[in-house]
Amino acid sequence: MTSGRSVRRTGSAITALLAAGLLVACGGASDQPETVTATINAPADAASSSASPSAGAETLSYPGRTGATALELLLETDPSAEVTGEGENAFVTAIGGRVADESKNEFWALSVDGENAQVGAGALETEDGQEITWTIDTF
């Protein structure tokens, strides 16, 4: 059984790798958008899982950026995120390899500064200083 410390250390490593990958992709050019740093948190029982470190993540947070939508920033942070539809009609179905399980009535809930978003990710214009968070929730 893995300790909670190992899971947190793995999450920190994932965050560092995401940030490093974004820096490399941007090539350090000054005309590129600023790098998005994300935090991925795994559920408490993930320590007993044999899945990859990002699989099973229940929460993803990243800072808002004036002029960018929550969806744009999500896709910058996690290019593997799965989305159906596009623009204002986009619906996020998976983040960090964690698919929302429809049979369990799960979905990826979007919040801004701890408050549920009132519009979808494709329509949510973010601002500098905001914290954008995605969390597995049920209905």
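Given R0 = 22 Å, the distance between the Cβ atoms of residue 138 and residue 89 translates into a calculated FRET efficiency of 0.50. Of the GluC sites (Glu not before Pro) found in segment 64-139, the ones in coil according to DSSP and having at most 15 other Cβ atoms within 10 Å of their Cβ are 86, 127. Please list, in chain and number order, the residues 5+ apart from residue 69 or on another chain whose amide H is under 5 Å from its amide H, with Hs placed from the backbone. Excluding prolines and chain starts, which carry no amide H, the hits are 126.
About its Cα centre, the dipole of segment 54-137 is roughly 180 debye, where the only charges are +1 on Lys and Arg Cβ and -1 on Asp and Glu Cβ. 3J(HN,Hα) couplings calculated from phi for segment 113-127 with the Karplus curve 6.51 cos²θ - 1.76 cosθ + 1.60 (θ = phi - 60°) are, in sequence order, 6, x, 10, 4, 5, 9, 9, x, 4, x, 9, 7, 6, 8, 9 Hz; Gly and Pro show x.
In this structure, the amide hydrogen of residue 106, modeled 1.01 Å from its nitrogen in the peptide plane, lies closer than 5 angstrom to those of 101, counting only residues at least 5 positions away or on a different chain. Between residue 101 and residue 118, the distance separating the two model label sites (each 7 Å from Cα on the Cα→Cβ line) works out to 3.4 nm. Summing charges over all other residues whose Cβ lies under 10 Å from the Cβ of residue 67, with Lys and Arg as +1 and Asp and Glu as -1, gives -3.
Rule-based calculations on the coordinates, nothing more; no lab input. The shown structure was predicted, so the numbers you read here are calculated from the model rather than taken from an experiment. FYI the Cβ positions are ideal-geometry reconstructions off the backbone, even for glycines, and counts take in every protein chain you see.
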